[in-house]
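Heads up: the structure comes next, in structure tokens.
The values are calculated or read from the model by the stated rules, or taken from the named source; none is laboratory data. The model shown is predicted, which means the values in this text are computed figures rather than measured ones. Please note: Cβ atoms are built from the backbone with ideal geometry, for glycine as well, and neighbour counts cover all protein chains shown. Each accessible area value is taken on the protein alone, full model and side chains, heavy atoms only, with ligands, DNA and RNA left out. Shrake-Rupley method; radii C 1.70, N 1.55, O 1.52, S 1.80 Å.
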Amino acid sequence: MLTMQGDHEKAEEEIHRFEGLLEREAVEVRQQFRPILLIYRCELALAQKQWGLLTQYIQELKAIELTTDQEMSAAYYQCQLALAHGHHDEFMGYALSCLPYYESNQLTLRLESLYEALAVVSEEARKYKESASYYKKLVYLLRSK
């Protein structure tokens, strides 16, 4: 929540606090919460556009067992990273792999950024019908808020 509000410093403090609390727990508990902690870190790295850190956290996420929600978060971060580096084909692959999940769960914040980016990338690729479709979905999503 702090990351979405733009309070990155407090978000970092909360992540460290959460990490400190986990240090007092058994190894099994720490392992269970590791993906959640990494997702918090990914979210902060993405918000701050720290691509090196985001890459590192994504690699760590890929190395551990994840729930479906966590896998979709990892795909989302990978698509955002690919987009930031101008790798549009890679972006499309990751974005389209997590889009159905976010649509089925109506995760508005994720859908907004995905629809917008998909529309722009489709437009740049001269896929105007696809682009128009994503823009329509974005407008509908924004109107239903």
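Things to note:
- Ranked by how many other beta carbons lie within 10 Å on average, peptides 109-121, 12-24 from highest: 109-121, 12-24
- Computed label-point distance, nm, for sites Leu96 and Glu25 using a 7 Å Cα→Cβ extension: 3.8 nm
- Relative compactness, the chain, computed as alpha-carbon Rg over 2.2 N^0.38 Å: 1.13
- The chain: DSSP helices with Cα axial extent of at least 18 Å and average Kyte-Doolittle hydropathy no lower than 0.0: 27-47, 108-124
- Projected-area mean, region 11-57, by convex hull of Cα positions, square nanometres: 3.1 nm²
- Residue-normalised accessible area of the chain, given per residue in Å² at a 1.4 Å probe: 62 Å²
- Sites Glu12 and Thr55, calculated FRET efficiency, Cβ-Cβ separation with R0 22 Å, nearest 0.05: 0.75
- For the chain, size of Cβ-based charge dipole, Lys and Arg +1, Asp and Glu -1, in debye: 540 debye
- Förster-model FRET efficiency, 25 Å R0, Ser144 and Ser104, C-beta, rounded to 0.05: 0.95
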